[in-house]
Amino acid sequence: MTIDELERLLAQQPVAVLHRLARGRVHRHFRAGKRRLIELLLQHSSQNLAGLESDVQALLAERQGQPQPPPASTRTAHRAPSPPQKRVPHRGGEPESSEPAVSLAGWLEGLGVPAPQPFVPDPWQQEALAALSETDVVVSVPTGSGKTYVAVEAARRAMEDNRTVIYTSPLKALSNTKFTEFSKIFGADKVGILTGDRQENGQAPLLIMTTEILRNLLYDAASGEIDVRLDTLGLVILDESQYIADPERGVVWEETIIFCPSQAKLLLLSASIGNPQDIADWLTSIRQTTSRLVRHSKRTVPLRAGYLHPNGKLAPLFKTAAIPAGHPNHLHPEAKRLFLEYEEETMPSGRSRR
Amino acid sequence: MPPSIHPVDLIAALRLKHLTPAIVFLTSRRACDEAMESFDHADIVLPPARQEIIAAALDRVIAHYPSVAEHPLIPTVRRIGVAAHHAGHLPSWKIAIEELMRQGCLDAVFATTTLAAGVDFPARTVVITQSSIRKSRDFTDLTIGEVQQIAGRAGRRGKDQVGFAVITPSPYIDLGVLTKGLTGHPESIDSQFTITYPMVLNLLKAHPHEQIQGILAKSFAQFQLNQRAELLERKLDTLHVQMEPYGPRLCSDWITQWQTFDQARRQRPHRQHVKQQESPELTARFHFMTSGRVVGLARGRGIVLRQYRSKGQRNPMISVLRPDGAVTECPAATVAEIFDRAFECDETSAFPWCSAASFDELHYQLTELPTRLPTLPILVPKESDPLPDAIVQSLGDFPCPTCSSRPACQKDVVVASRLRQEQQRHTKSIQALRASLWHRFQERVEVLQKFGYLTPSAHLTDDGEWARLIRIDHSLLITELIRAEAFAGADPALLTGVMASIAHDDDRPGAFPRISTGLSSLLGQVRKLAESLSPYEDPPLLRADIAAVAERWIADPTLTWIGLCRLTTMAEGDIYRLLARTLEFLSQIHTLHGTHPSLADSAAKAIALIRRGVLEELP
Ligand SMILES: Nc1ncnc2c1ncn2[C@@H]1O[C@H](COP(=O)(O)OP(=O)(O)O)[C@@H](O)[C@H]1O
Ligand SMILES: [Mg+2]
C-alpha cells in the first residue's frame, strides 16, 4: 500500500479507530482532530508504515468480527482497487432496507407551532405525583418532558400540608432561574433562596439552594446545629440528579440522599440514564419505603435529525423521518454521500486543502 | 470547500427552512465569539418590528440586571437576533439571553457544548458541530447521554410540533459518535463516591465510630459494589457445585494434604531448585493482578490488562496500561503496590487485551486517579510456606503413599486446586468489595489523627470541632493554614487573594495584574505547606496571578468591574466565577467566628467588599 492509499484508508475510519491506532504511537492523541490525527499517525510511523498498515487491517478485521456492525460487504471494498469515488462511508454496513428514503419535504413536514391546547398533565407526571404521596420517587425521562411540572405540583401539595420543601439544582445559575420561576408561581413570600453567604427569604416554605448547601445543612442538623426547620421538612426535590455520576461533585448527591431525614419524601428528577432502576433500588435499600421509578424514553416533541452540508445543502440524516432507535447505520443516502464528500475534501492530502 | 459552514450562511439556511430559533453548539468560547464577530457586517438583519421587540425585551432585563446594558454584543443581538452564551459571560448576560430565548425573540444562540447541561432553554433546532468534548484536559467522545442531552434541547413543548437536531460537519467530527448517540440507549451511571476529610469529621461528630461502617454501607457506591460482589458470589456458587465431586476424601482437606505431600516429594531430590520457586508472597499477590486492577510500578502506575505466564520460565507476567496510553509487559515481581481500586474491564483475547471502549475508559480512569490510593491488604497463605526440613524428612509419615484414594487424588488435584484457587480469589475479591469503603475511611481517619483533628479513639479534638465546618475542596490545606496562623493579622485583601488561588483550578494562561509583595510572600508559605500536605491531599494550583486579580478587587474598593476586567485577559465570566467561588470559601471561613473571631471578621469584611457591582446582582 502506498502512503496515499494508507492515508485514504485511514480517512475512511471513524475517529475512534484512529485513536486506537494512535495509542502508544502518538502522545496526547486525544487532543487531535481527525485530520491532525492522520497526519500524526503517518508521521510517527514513517519508519514503519507496514506496521501501521497491518494494525489498521487487524483492527478492521476485528471490527468486522464483532457482532454489532453487521457483515459488511462494503467494508471489504476498502482493499479493492475500485476508484475511491465509489466508496460507501465507513459505518454504512447495514443491509439496505427496501423502503425508499424520506424526502427533505417529508422530513420537514409538520414543522411549526401546534394549535394551543389546554394543559393536561401527562400520565407519567400524574403517576409520579400520586406515588409521591406514598413514597420516594425517581423520575428518569428525556430532557424537555416536563419534570418541572412534577416539582411544582409536588411542592404545592407539600406546602398545602404545611410542610417545608427544599429544591436543589446543581448550578447556582439554575437555582437563580428557578427562584424567579417559582416566585412567579407561588408568590414571592413563599419562595426563598440560600447561598453560601446569603439567605433571601430564608424562612419561606419553599427553599431553593444548590445541593452542596443542602448537604451542609444536613451535616449541621446531624450535629445539632439546626437553622432551617428540618423537622417540618416534607419534601426534598433533587433536580438534574444524574449529577450523582459527576466525578467531582457526585459524592454530594450521595451524602444528601443518605442524610435526608426519613420523614421527608425524596423526589429525584433526572434526564434519561441507562440504569434508573439501580437508583430506585438503592433508595429502597436505604429508605423506609419502597421507592417508585417513573421512567420513559419517548420524547414528547418528536425529534428529527438532519445533515447540513457546509455548502448550505440540507438533507435528512437518517432514511426515516423519525430517528431510527437502535439503527445508527440507517443513514440517508444523500447525507451519506455529502458527508463522504466532506471527509474526502477535508482530508490532509485533499486537493482543496493543500 | 470550507471545513465548516460560515455562521452567517448557517443562520440564513436555518431561517430559509424555518428552523429557527436554534441553539448552535460549538467547540469553544472562541468559536462562539468568532461566530458573533462574523455578523458585524452581515446584511441578514431583522425587520424593524422584530428589532423593536428584542430591544424592548432587553430593556426589561436590563432593568433587573444593569450590567447587561454595557455588553458589546447588544447591537448584534438587536440587529440580527443572534447571541452567544458561554462560560466567559456574566451570569446576568446568560440570564438575559435565556429570557430572550424563552420569549422567542432570538433566531439563534451560539453556545459551547461543555455547558449543554447548564443550558436550560429550549429551541426548535439544535445544531451540532462536533462529536467530542473537552473534559478536564483532553477531548473525549460525547457519550450517548450527552448527545441526547444536547439534542434534547430541540423541540419546545407547546411551541413546536417537531424538533430538529441538525449536524453540520467540522474537522472535529466523527459522524458515528453522533448517530450512535442519537439512536442509542443512554449509558448506565456509576457512583463517584469519595471519602473526604470534612465528611469524616462530620460523620464522627454526629455518630460513634462503630456506626460509621453502617452509614457508608448506605452509599450508592456500596450498593454498586454489592452488586458486583453478588455477581462474584453467584460465580462462587457455581464453583462450589463444580467442587462437589472433589469433596472430602479419606482426609478432609485432601487438596492441601496432597499438595504438601507432592511438594515434599519433589523437593527431596532437587533441594537446589527451591530458591527458584516463586515466593508464596508473589503467588498471593499475583492473584490480585487481574484485569482492571490499578498497580504501582517502579515508574508510576498502571492498570492491569491481563495476566499470563511467560513462555519459557513460566514467570508470572502482566500486561499493563500506562498513563501515556502505552501497553507494557512486566514481570509480576516488579509490581511494587497493588491498590484497592479496580475498574470494569471488558477483556479480549488479543492486543490490547480489552475492548476499545474499555481501553479508553481505563486510560481515562488512570489519568484521573487521585495521587493517594489505598493498597490492598494481601494475606500470604500459610500452606505454601516452604516446608520445614522436618516434614520433608518425615515423608514417610504421610498417609498418601499407601492411601486408597491416592490415584483419585493424583488425577484430580490439578482441576480441584485450580477451582479452589479461583474460589479463594473470589472470596477475597468479595471481601475487598464489601470492605473497601471502610478501608478508605480508616485511612482518612489515620491522617486526621496524625494531624491532631481526631483523638486516638477517633473523637473530634478541639481543632477537629471547628475544622469540620470547612467543607470545601482543599479543606486540609485551609485548616492547616489556619492552625499555622498563616492569616494572623492578614487583611481581607490578602485572605481573599490566598482563597482565590486555592479555589481556582484552571490553568489557562493569560495576562494579569501585579501581585503585592505581602501576598506574594504569603503565597510562598501556602505553597510550601501545600507541598508538604501533598501525600494527603492534592495541592491546588495556587496561581499568584489569579490571587492578584482577587486581591485587587478587595484592596481597591473604587475599582469598577470594567476596570478589573481591563487588568487581565481573563474573561468576565471567569473572573465572576473566581470571585463567586472565593466568596463561597470565605463564607465557610466566616462560620469559624466562635473559635477564630478575628479571622472570621476578616472574612466578613472580604465578603462585604467582594459583593459590589455585578457581584451584587444575584443572590
Ligand atoms: N403535560 C404537559 N402538557 C403540555 N406541556 C407541558 C406539560 N408538562 C410540561 N410541559 C411543558 O414542557 C416544557 C418543558 O418542561 P421542563 O419541565 O422544563 O422539562 P424538563 O423535563 O427538561 O425539566 C415546559 O415549557 C412546560 O411548560
Ligand atoms: Mg428541568
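Of the residues A:193, A:185, A:213, which single one is of a type in the set (A, V, I, L, M) and within 16 Å of ligand 2 (Cβ to nearest atom)?
A:185
Is there any pair with a first residue in the stretch A:143-171 that is away from ligand 1 (no atom under 16 Å from the Cβ) and a second that is part of a loop (DSSP other than H, G, I, E, B) and among the hydroxyl-bearing types (Ser, Thr, Tyr) whose Cβ atoms are under 8 Å apart and which are 6 or more apart or on different chains, and what are they?
A:157/A:133
This table checks each residue for (1) within 19 Å of residue A:210 (Cβ to Cβ); (2) charged (D, E, K, R).
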{"residue": "A:230", "(1), (2)": "yes, no"}
{"residue": "A:233", "(1), (2)": "yes, no"}
{"residue": "A:239", "(1), (2)": "yes, yes"}
{"residue": "A:242", "(1), (2)": "yes, no"}
{"residue": "A:248", "(1), (2)": "yes, yes"}
{"residue": "A:252", "(1), (2)": "yes, no"}
{"residue": "A:267", "(1), (2)": "yes, no"}
{"residue": "A:273", "(1), (2)": "no, no"}
{"residue": "A:276", "(1), (2)": "no, no"}
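Given B:35, B:55, B:63, which one is in contact with a helix residue (DSSP H, G or I) (Cβ under 9 Å, 6 or more places away or on another chain), over 28 Å from residue A:108 (Cβ atoms) and part of a helix (DSSP H, G or I)?
B:55
Does the stretch A:95-128 hold any residues that are touching a helix residue (DSSP H, G or I) at 6+ places or on another chain (Cβ under 7 Å) and at pLDDT 95 or above, and which are they?
A:121, A:125, A:128 - these are the residues of the stretch A:95-128 that are touching a helix residue (DSSP H, G or I) at 6+ places or on another chain (Cβ under 7 Å) and at pLDDT 95 or above.
If I ask for residues that are buried (at least 19 other Cβ atoms within 10 Å of the Cβ) and in a helix (DSSP H, G or I), which ones from the stretch B:99-117 would you list?
Within the stretch B:99-117, B:99, B:100, B:101, B:113, B:116, B:117 meet the criteria.
Output yes when any residue across the stretch A:179-191 is more than 10 Å from chain B (Cβ to nearest Cβ), under 23 Å from residue B:582 (Cα atoms) and outside any helix (DSSP H, G or I), and no when none is.
Looking through the stretch A:179-191, none of the residues is more than 10 Å from chain B (Cβ to nearest Cβ), under 23 Å from residue B:582 (Cα atoms) and outside any helix (DSSP H, G or I).
List pairs: first in the stretch B:221-238 and closer than 20 Å to residue A:283 by Cβ, second hydrophobic (A, V, I, L, M, F, W, C), Cβ under 6 Å, 6+ apart or cross-chain?
Here the result reads B:221/B:193; B:222/B:437; B:223/A:282; B:225/B:433; B:228/B:433; B:229/B:430; B:229/B:433, each pair linking the stretch B:221-238 to a residue that is hydrophobic (A, V, I, L, M, F, W, C).
Only one residue in B:320, B:304, B:295 is within 23 Å of residue B:536 (Cβ to Cβ), part of a strand (DSSP E or B), hydrophobic (A, V, I, L, M, F, W, C) and more than 17 Å from the chain's Cα centre (by Cα). Which one?
B:295
Which one of these is in contact (Cβ under 8 Å) with a residue 12 or more places away in the chain, surrounded by 21 or more Cβ atoms within 10 Å (Cβ to Cβ) and not aromatic (Phe, Trp, Tyr): B:432, B:493, B:458?
Going through B:432, B:493, B:458 in turn, just one is in contact (Cβ under 8 Å) with a residue 12 or more places away in the chain, surrounded by 21 or more Cβ atoms within 10 Å (Cβ to Cβ) and not aromatic (Phe, Trp, Tyr): B:493.
Residues B:165, B:123: which one is within 16 Å of ligand 2 (Cβ to nearest atom), in the same structural domain as residue B:89 (by TED's automatic domain parsing) and over 24 Å from the mean Cα position of the chain (by Cα)?
After ruling out the rest, the residue left standing is B:123.
Go through the stretch A:142-182 and count every residue that is among the polar types (S, T, N, Q) and within 13 Å of ligand 2 (Cβ to nearest atom).
7
Quick one: count up the residues across the stretch B:13-29 that are facing chain A (nearest Cβ under 8 Å), among the aliphatic types (A, V, I, L, M) and either outside any loop (DSSP other than H, G, I, E, B) or surrounded by fewer than 18 Cβ atoms within 10 Å (Cβ to Cβ) (or both).
Matching residues across the stretch B:13-29 total 1.
Among the residues of the stretch A:273-325 satisfying the criterion of being more than 30 Å from residue B:129 (Cα to Cα) and of a type in the set (S, T, N, Q), which is nearest to the other protein chains (Cβ to nearest Cβ)?
A:285
Taking residue A:286 as the residue in question, decide whether it is touching a residue at least 12 places away in the same chain (Cβ under 8 Å) and farther than 25 Å from residue A:171 by Cβ.
yes
Could you list all residues from the stretch B:581-601 that are in contact with a helix residue (DSSP H, G or I) (Cβ under 7 Å, 6 or more places away or on another chain) and touching a residue at least 12 places away in the same chain (Cβ under 8 Å)?
Within the stretch B:581-601, B:581, B:582, B:583, B:585, B:586, B:587, B:589, B:590, B:592, B:595, B:596, B:599 meet the criteria.
Would you point out the residue of the stretch B:135-181, among those that are assigned to a helix (DSSP H, G or I) and more than 7 Å from chain A (Cβ to nearest Cβ), that is nearest to ligand 1 (Cβ to nearest atom)?
So the residue we want is B:150.
Take the stretch A:231-268 and flag every residue that is acidic (Asp, Glu) and either away from ligand 2 (no atom under 16 Å from the Cβ) or over 21 Å from residue A:179 (Cβ atoms) (or both).
Correct list: A:231, A:246, A:248, A:254, A:255.
Only one of B:222, B:242, B:213 is modelled with pLDDT of 90 or more, in a helix (DSSP H, G or I), of a type in the set (S, T, N, Q) and surrounded by fewer than 18 Cβ atoms within 10 Å (Cβ to Cβ); which?
After ruling out the rest, the residue left standing is B:213.
Give the residues of the stretch B:66-93 that are outside any helix (DSSP H, G or I) and closer than 23 Å to residue B:560 by Cβ, sorted by residue number.
B:71, B:72, B:73, B:87, B:88, B:89, B:90
Is it the case, given these coordinates, that residue B:62 is free of Cβ contacts under 8 Å to residues at least 40 places away in the same chain and within 18 Å of residue B:105 (Cα to Cα)?
Against the criterion (free of Cβ contacts under 8 Å to residues at least 40 places away in the same chain and within 18 Å of residue B:105 (Cα to Cα)), residue B:62 qualifies.
The values are calculated or read from the model by the stated rules, or taken from the named source; none is laboratory data. Quick caveat, the model's predicted, so the values are computed rather than measured. FYI the Cβ positions are ideal-geometry reconstructions off the backbone, even for glycines, and counts take in every protein chain you see.
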